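Undergrad: This structure is in structure tokens; I'll ask about it shortly.
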Amino acid sequence: MEATYLADGIHVMSSRPGRVIFRSKIDLPRPRDISEVQLNPHFIELHAEIWRHMKSEVLKAYKRNTAIGAVHES
């Protein structure tokens, strides 16, 4: 959420190999007051869209790291 609040653009990277898989322009007016902007419907939409793209990469990395940990414990 902080990146959506602070940035003018966000690039989502894949977990491995690292490459840009999604770009989003954050076209919210400035200055941004977090207590106000987080209630803005467009902010909520942007945040949800970015998280949709990040979620699958987070899960891939988690599965890979969990599998690596299991191998090292054996």
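Where a number appears in this text, it was derived from the coordinates with a stated rule and is not lab data. Being a predicted model, the structure only gives us computed values, none of them experimental. Ideal geometry is used to build each Cβ from the backbone, glycine not excepted, and the neighbour counts take in all protein chains shown.
Undergrad: Please give the per residue volume of the convex hull enclosing the alpha carbon atoms of the chain, rounded to a whole number of Å³.
TA: Numbers: hull volume 7.0 nm³, N = 74.
Here the figure is 95 Å³ per residue.
Undergrad: Okay, next question. For region 25-36, just list the computed ³J(HN,Hα) in residue order, Karplus coefficients 6.51, -1.76 and 1.60, θ = phi - 60°, integers in Hz, with x standing in for Gly and Pro.
TA: With coefficients 6.51, -1.76 and 1.60, one gets 8, 9, 9, 8, x, 10, x, 10, 9, 4, 5, 8 Hz.
Undergrad: Determine the dipole magnitude for the chain: charges of +1 sit on the beta-carbon of Lys and Arg, -1 on that of Asp and Glu, nothing else is charged, the reference point is the Cα centre, and the result goes in debye to the nearest 20. The partial results should precede the final answer.
TA: Numbers: 11 positive and 9 negative charges, 94 e Å.
Here the size comes out at about 460 debye.
Undergrad: Related question: With n ≥ 4 as the cut-off for DSSP H runs, can you work out [θ] at 222 nm for the chain, using -39500 (n - 2.57) per run divided by the number of residues, rounded to the nearest 500?
TA: Computed ellipticity for the chain at 222 nm equals -18500 deg cm²/dmol.
Undergrad: Residue farthest toward the positive end of the dipole of the chain, with Cβ of Lys/Arg at +1 and Asp/Glu at -1: which of Ser56, Leu39, Leu28?
TA: Ser56
Undergrad: Something else: Enumerate the calculated ³J(HN,Hα) couplings along region 40-54 in order (Karplus 6.51 cos²θ - 1.76 cosθ + 1.60, θ = phi - 60°), each rounded to whole Hz, writing x wherever the residue is Gly or Pro.
TA: Those phi angles translate into 5, x, 5, 4, 4, 5, 4, 4, 5, 5, 5, 5, 4, 6, 6 Hz.
Undergrad: Search the structure for amide H atoms under 5 Å from the amide H of Ile21, placed 1.01 Å from N in the peptide plane, and list their residues when 5 or more places away or on another chain.
TA: Val12, Met13, Ser14
Undergrad: In the neighborhood of Ile44, defined by Cβ-to-Cβ distances under 15 Å, what is the net charge if each Lys or Arg adds +1 and each Asp or Glu adds -1?
TA: Working: positive: Arg32, Arg52; negative: Glu2, Asp27, Glu36, Glu45, Glu49.
Residues close to Ile44 contribute a combined charge of -3.
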